[in-house]
Structure formats: C-alpha cells, structure tokens
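**Q** The structure under discussion is supplied below as structure tokens; questions concerning it will follow.
The values are calculated or read from the model by the stated rules, or taken from the named source; none is laboratory data. A quick note: this is a predicted structure, and the numbers were derived from the prediction, not measured. With ideal geometry, Cβ positions are generated from the backbone for all residues, glycine too; neighbour counts draw on all protein chains shown. Just so you know, the surface numbers come from the protein's heavy atoms only, side chains and all, with ligands and any DNA or RNA stripped out. Shrake-Rupley method; radii C 1.70, N 1.55, O 1.52, S 1.80 Å.
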Amino acid sequence: MGLGGISIWQLLIVLAIIVLIFGTKKLRGMGGDIGGAVKGFKKAMSDDTATEQEKSEQIQQSEKSTVQDSTTTEKAKENDKA
C-alpha cells in the first residue's frame, strides 16, 4: 500500500503519463521555477525578520533617548528654580 490506498505502481503510471504529456524539459523548467519561488520566499521571510529586529532596536534606542531627554529637562527646570 502506498499513500492513501494508491500503490507504487499506480504512482509510477501517473508519473509516466505526466512525463509524456509535458516532456522532461518542461518539467525540469517547472521544477526550477518552483525551487526559485521557494528560495525567494525563504529570503523574504529572513529579510522580514531582520527588518523587524531593526525596528525593535530603533524603538528601544528612541525610548532610551526620550528618557534621557526628559531627565535632562527636569534637571534644567530644577536649576532654573534655584
């Protein structure tokens, strides 16, 4: 028994029919296209992850600078009062 009740011989017959209909050259081209699409998808996912990390780092830096600015402003106000 193969996948879902389909025997290995039935799969081989279907594969042979597909090769006869499309030809090996076209199947090879389709395989290359699918491989390129998968590589592009993986690259986009890794680029997206890197972009998210950069954004979170920028947010953290801006939060730190905001805290420092507010501390400096408070100190300046205290000096003005004195």
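**Q** Could you check the spin-label model distance between Ala16 and Ser62? Points 7 Å from the Cα along Cα→Cβ, value in nm.
**A** Calculated label separation equals 6.5 nm.
**Q** Can you give the accessible area of Ser62 in Å² (nearest 10), computed on protein heavy atoms with a 1.4 Å probe?
**A** Near enough 50 Å² of accessible area.
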